[in-house]
Amino acid sequence: MSQRIDPDHSRFRQIVRGQIKGNLRKYISSGELIGKKGKDRVTIPMPSIDLPRFKYGSKDQGGVSQGPGDVGDGLGSDPQSGDGEGQAGNQPGQHEMEAEFTLEELARILGEELELPHIEPKGMRTIRAPRDKYNAIRRIGPESLKHFKRTFREALKRQIIMGSYNREQPIIVPRREDRRYRSWKESVVPQTNAVIVYLMDVSGSMGDEQKTMVRIESFWIDTWLRYQYKGIESRYIIHDTKAREVDQDTFYSTKESGGTMISSAYLLTADLIEAEYPSDAWNVYVFHFSDGDNWSREDTQKCFDALKVRLLPRINLFGYGQVKSPYGSGQFLHDLEEAFPHPENLVLSPIEDRNAIMDSIRDFLGKGK
Amino acid sequence: MLPPYLQEMQTQVETVAHAAGLDFFETRFILVDTKTLNEVAAYGGFPSRYPHWRFGMEYDRLAKGSRYGLSKIYELVINNDPCYAYLLEGNNLVDQKMVMAHVMAHNDFFKNNVYFKFTNRKMIDEMANHAVKVQKIIDRIGIESVENFIDICHSMDNLIDPYSLFIARPPATRRELEDLIEEARLAAADAPEAEKKGAVRSYMKGFLAGDRKNAAETPGPSIGLRKEPINPTRDVLGFLLNCAPLEDWQRTILEIVREEAYYFAPQAMTKIMNEGWATFWHSRLMTHHLIDASEVIQFAHTTSGVTVQAPGQLNPYKMGVELFRDIEHRWNRGMHGKAWRDCDDYEKKKHWDTGAGEGLQKIFEVRRMFNDVTFIDEFLTPEFLTERLFYTYDYSRSKSEYVISSREFSEIKSRLLFQLTNGGHPIIAVTDSDYVNRGELLLEHRHYGVDLEVPYAKSTLENLFTIWKKPVNLVTKVKDQPTLLSFDGSDHSSRELPVSAVGG
């Protein structure tokens with residue numbers, strides 16, 4: 001039901017949305033949204049959308065209340081953040097605003113702010129999945145699918161037309177020709193499948209801050225791609241000198257140590273894709289985060305071979321994000337630049353610090369691949 | 001229309017309320033679902049308001065509150081004749097009955113308390129008219145500019161002078177002075193007509209179309225300088241309406257915001273009394289007349305929810321009802337006056353009873369004559385505060401939390417009075433509209449020990465500037481140092497003043 005308040009409410013939502021858009025860089029770099037993520041909604045703490053007024057400084061003011069306790073005892077809660085009922089004098093309380101958004105809405109905001117192009121799924125229109133929907137009515141069918149309401153309605157119509165309907169004694173008896181049955185219609189929808197493979201270097205040189213940056217960036221990438229494809233799959237691979245597939249929690253929490261052999265991860269990814277995600281049916285995205293400190297030149301060469309032959313031809317996009325760490329040399333990025341001077345679906349993005357995450361997201365997703 | 005069982009209930013409640021001496025406007029209850037109740041509550045109780053996102057924000061908050069079960073609106077009643085009140089669909093019958101009794105007492109308070117005397121009793125219609133007016137302006141000017149302007153008006157809608165309706169303030173502007181002179185002349189010439197004119201809400205004086213025209217055309221008596229205001233005025237909105245360079249549509253909107261601010265002001269001034277009065281009566285009517293044994297538990301449960309006391313908060317329902325009960329008790333037993341004050345025999349005082357029995361009579365008198373400030377000032381006793389464990393709290397920087405700072409009577413009382421004075425808003429007056437001879441606006445904050453929130457004050461000055469269109473200045477104190485905050489359209493500045501510059 002539409003309400004009078006709806007225009008005001010949506011205007012308010014618009015303002016909130018504008019605020020979030022304007023402060024997106026801050027939200028992205030602080031990473032606080034991720035902790036607030038529910039199943040398909042995000043709660044975003046807002047700087048209060050408040051109109052300025054002449055008012056007393058709240059901390060100076062204190063107040064009056066009732067209850068036990070000695071002078072000097074703490075109140076244990078912040079009374080000024082209460083629901084406003086307490087402050088005599090009818091001032092509205094200091095509400096910490098929280099705005100709720102669906103992930104889809106958030107992705108849309110991200111897209112608008114970064115001017116991300118929508119993704120054209122590659123070659124997937126050929127795949128069609130027929131789906132049945134019970135939304136039709138037929139005159140014949142199995143008794144188990146009989147639609148009683150429709151049947152009786154038909155019977156009623158017929159009786160009225162025939163003049164055998166008695167208002168005083170409304171007895172309706174359906175005949176065979178009145179019967180109606182539920183039936184289905186087949187609809188064919190083009191289906192797109194997509195998978196994201198996240199790779200992360202968990203060698204000793206990747207510290208907590210570096211991992212947090214990876215976590216933030218992959219959250220946003222995830223949000224955007226999920227908005228672009230329905231039912232996307234995510235796979236997680238971590239590596240030091242060896243690579244293995246893990247679940248999401250492990251991916252973000254593992255602290256390994258030791259050296260780095262990036263090729264191990266690339267080869268594992270290639271195996272995974274070849275085995276499970278044939279390129280004619282899947283949109284495949286691979287994002288690799290590392291501090292760029294590979295063990296040896298030979299290993300780097302192995303990586304290039306894997307990329308050239310087994311990965312790049314089969315996938316939509318390979319994103320390499322190099323997070324800056326105090327220990328890493330960052331050489332891998334330069335090597336990649338040299339080896340792939342004109343990358344088609346390979347995106348390289350150095351991530352200096354949290355503030356650079358937003359630009360990096362734009363680098364990765366700005367191609368519309 | 002109410003379903004018959006609720007209509008019956010209303011008749012029953014009205015009968016006992018009437019018998020108890022309550023005197024109310026005709027009451028119309030409307031049964032609504034939560035969504036509609038939230039909507040109406042977001043509009044301050046009214047079925048329609050002019051479009052503005054702040055109502056949407058309030059709705060958002062209320063809707064979330066009820067969705068997550070954090071808050072529930074029990075009663076919503078509008079000061080209007082007839083009085084409209086809302087009942088929430090699906091509340092149990094005991095609650096509905098209680099809400100009805102509560103509403104009757106609010107209604108009685110609206111009708112009889114002196115501070116509501118000048119409120120518009122057809123405010124529902126008036127609000128609907130405002131909505132239409134603003135919508136028309138939006139259609140003409142566009143939503144963006146109108147919304148921005150309403151934002152600006154809202155940001156200063158606490159700059160009014162509610163008491164000006166009850167005490168004769170010296171005229172603030174030449175126009176008001178002229179009106180007064182004109183009125184006096186009329187009064188001399190034709191007494192009854194002047195009385196009629198006096199019935200026009202005095203704050204609207206000077207804004208009625210006729211008045212304005214008059215003032216513009218007739219050259220006023222010379223009062224020396226051209227300076228406005230001739231006397232400082234706390235009715236900043238009124239002053240801006242008179243003296244700021246506004247376009248017609250802006251003037252219309254500012255008038256609307258100001259009128260609504262004055263309409264709501266008495267409710268803010270009597271929050272504790274009003275809620276206390278309503279709670280007093282719903283509990284008395286319920287326990288004495290309206291509920292049977294099977295309903296007692298439900299009633300007690302709801303009442304305890306209404307009068308719950310969270311640390312660090314002041315529950316107006318609780319404080320109000322306790323104070324009314326205390327007054328009734330004291331006047332029933334004659335515990336007031338000289339004899340009572342002069343007695344210092346504790347035992348004697350404990351069993352004091354002159355059999356005066358004037359309690360009810362007294363509280364009816366109180367509900368007519370007082371507002372929160374005078375109510376607290378007059379009837380708060382040290383015994384009352386001690387028995388009910390009142391305290392003041394302050395922010396402790398060393399502990400970085402709020403701590404109990406005092407249980408002293410005088411301390412608590414003065415703090416309460418401070419909080420209630422001017423609805424808890426700082427007291428700010430226009431003192432000059434030609435400051436430093438450059439047409440700059442000068443406001444003065446009367447500082448009573450608590451500083452303004454400076455960032456807010458600065459943004460408010462920016463908003464004032466967009467109305468005044470010339471630099472605006474505010475005299476206040478920052479950490480005991482008299483300070484002049486100024487905004488000249490692009491930059492803020494702040495200048496320390498000699499100590500003598502600030503009153504208060």
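The values are calculated or read from the model by the stated rules, or taken from the named source; none is laboratory data. Just so you know, these numbers come straight off a predicted model, no measurement behind them. Note that we place each Cβ from the backbone using ideal geometry, even for glycine, and neighbour counts take in every protein chain shown.
Odds and ends about this structure:
- Complete set of residues in segment B:404-425 that are more than 23 Å from the chain's Cα centre (by Cα) and surrounded by fewer than 21 Cβ atoms within 10 Å (Cβ to Cβ): B:SER405, B:SER406, B:ARG407, B:GLU408, B:PHE409, B:SER410, B:GLU411
- Filter pass, B:VAL436 being among the β-branched types (Val, Ile, Thr), more than 7 Å from chain A (Cβ to nearest Cβ) and without any contact (Cβ under 8 Å) to a residue 24 or more places away in the chain: yes
- Residue check for A:ARG158: assigned to a loop (DSSP other than H, G, I, E, B), farther than 22 Å from A:ILE351 by Cβ and not assigned by TED's automatic domain parsing to the domain that holds A:SER263: no
- Looking across segment B:44-55 at every residue that is more than 7 Å from every other protein chain (Cβ to nearest Cβ) and farther than 20 Å from B:PHE109 by Cα, the one that is surrounded by the most Cβ atoms within 10 Å (Cβ to Cβ) is identified as B:TYR50.
- Among the residues of segment B:353-383, those that are of a type in the set (A, V, I, L, M, F, W, C) and surrounded by fewer than 16 Cβ atoms within 10 Å (Cβ to Cβ) comprise B:LEU360, B:MET369.
- When residues of segment B:441-495 are limited to those that are within 8 Å of chain A (Cβ to nearest Cβ) and touching a Ser or Thr at 6+ places or on another chain (Cβ under 6 Å), the one nearest to B:TYR395 (Cα to Cα): B:LEU452
- Subset tally (residues that are in contact (Cβ under 8 Å) with a residue 40 or more places away in the chain and either surrounded by fewer than 20 Cβ atoms within 10 Å (Cβ to Cβ) or over 28 Å from the mean Cα position of the chain (by Cα) (or both)) for segment B:384-403: 2
- Of the set (1) over 25 Å from the mean Cα position of the chain (by Cα); (2) within 13 Å of another protein chain (Cβ to nearest Cβ); (3) polar (S, T, N, Q), all apply to B:SER145 but (2).
For every residue, the table says whether it meets (1) farther than 19 Å from B:ASN274 by Cβ; (2) assigned by TED's automatic domain parsing to the domain that holds B:MET286; (3) out of contact with any Ser or Thr (no Cβ under 7 Å at 6 or more places or on another chain).
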position: B:GLU14; (1), (2), (3): yes, yes, yes
position: B:HIS18; (1), (2), (3): yes, yes, yes
position: B:THR34; (1), (2), (3): yes, yes, no
position: B:GLU39; (1), (2), (3): yes, yes, yes
position: B:TYR43; (1), (2), (3): yes, yes, yes
position: B:ARG54; (1), (2), (3): yes, yes, yes
position: B:ARG61; (1), (2), (3): yes, yes, yes
position: B:GLU75; (1), (2), (3): no, yes, yes
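So that you can scan it fast, the table gives a plain yes or no per residue for (1) polar (S, T, N, Q); (2) surrounded by 20 or more Cβ atoms within 10 Å (Cβ to Cβ); (3) free of Cβ contacts under 8 Å to residues at least 24 places away in the same chain:
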{"site": "B:ALA101", "(1), (2), (3)": "no, yes, no"}
{"site": "B:HIS106", "(1), (2), (3)": "no, yes, no"}
{"site": "B:LYS133", "(1), (2), (3)": "no, no, no"}
{"site": "B:ASP139", "(1), (2), (3)": "no, no, yes"}
{"site": "B:TYR163", "(1), (2), (3)": "no, no, yes"}
{"site": "B:ALA187", "(1), (2), (3)": "no, no, yes"}
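- Some residue of segment B:279-293 being in contact (Cβ under 8 Å) with a residue 24 or more places away in the chain and closer than 22 Å to B:ASP377 by Cβ: yes
- Matching option when the condition is surrounded by fewer than 19 Cβ atoms within 10 Å (Cβ to Cβ), of a type in the set (Ser, Thr, Tyr) and farther than 20 Å from A:ASP363 by Cα, among A:SER205, A:SER234, A:SER264: A:SER234
- Only one entry in A:GLU100, A:GLU32 is modelled with pLDDT of 75 or more, surrounded by fewer than 18 Cβ atoms within 10 Å (Cβ to Cβ) and among the acidic types (Asp, Glu), namely A:GLU100.
- Counting only helices (runs of 4 or more DSSP H) that fall entirely inside segment B:367-453 and contain at least 1 residues that are touching a Pro at 6+ places or on another chain (Cβ under 8 Å), the qualifying elements are B:409-420.
- Extreme residue, surrounded by the most Cβ atoms within 10 Å (Cβ to Cβ), among residues of segment B:279-317 that are part of a helix (DSSP H, G or I) and of a type in the set (D, E, K, R): B:ARG284
- Lone unmet requirement of (1) within 27 Å of B:VAL236 (Cα to Cα); (2) β-branched (Val, Ile, Thr); (3) touching a Lys or Arg at 6+ places or on another chain (Cβ under 8 Å) for B:THR431: (3)
- The listed residue being within 11 Å of chain B (Cβ to nearest Cβ) and at pLDDT 75 or above, out of A:GLY22, A:GLY62: A:GLY62
- Screening segment B:307-341 for residues that are of a type outside the set (S, T, N, Q) and farther than 28 Å from B:GLU358 by Cα and picking the one that is nearest to the other protein chains (Cβ to nearest Cβ) gives B:GLY312.
- Qualifying position, being of a type in the set (Val, Ile, Thr) and under 30 Å from B:LYS136 (Cα atoms), among B:ILE272, B:ILE291, B:ILE297, B:ILE256: B:ILE256
- If you go through segment A:247-306 and pick out every residue that is out of contact with any Asp or Glu (no Cβ under 7 Å at 6 or more places or on another chain), among the small types (Gly, Ala, Ser) and over 19 Å from A:SER234 (Cβ atoms), you end up with 5.
- B:VAL40 meets all of the listed conditions (1) β-branched (Val, Ile, Thr); (2) in a helix (DSSP H, G or I); (3) over 24 Å from the mean Cα position of the chain (by Cα) but one, namely (3).
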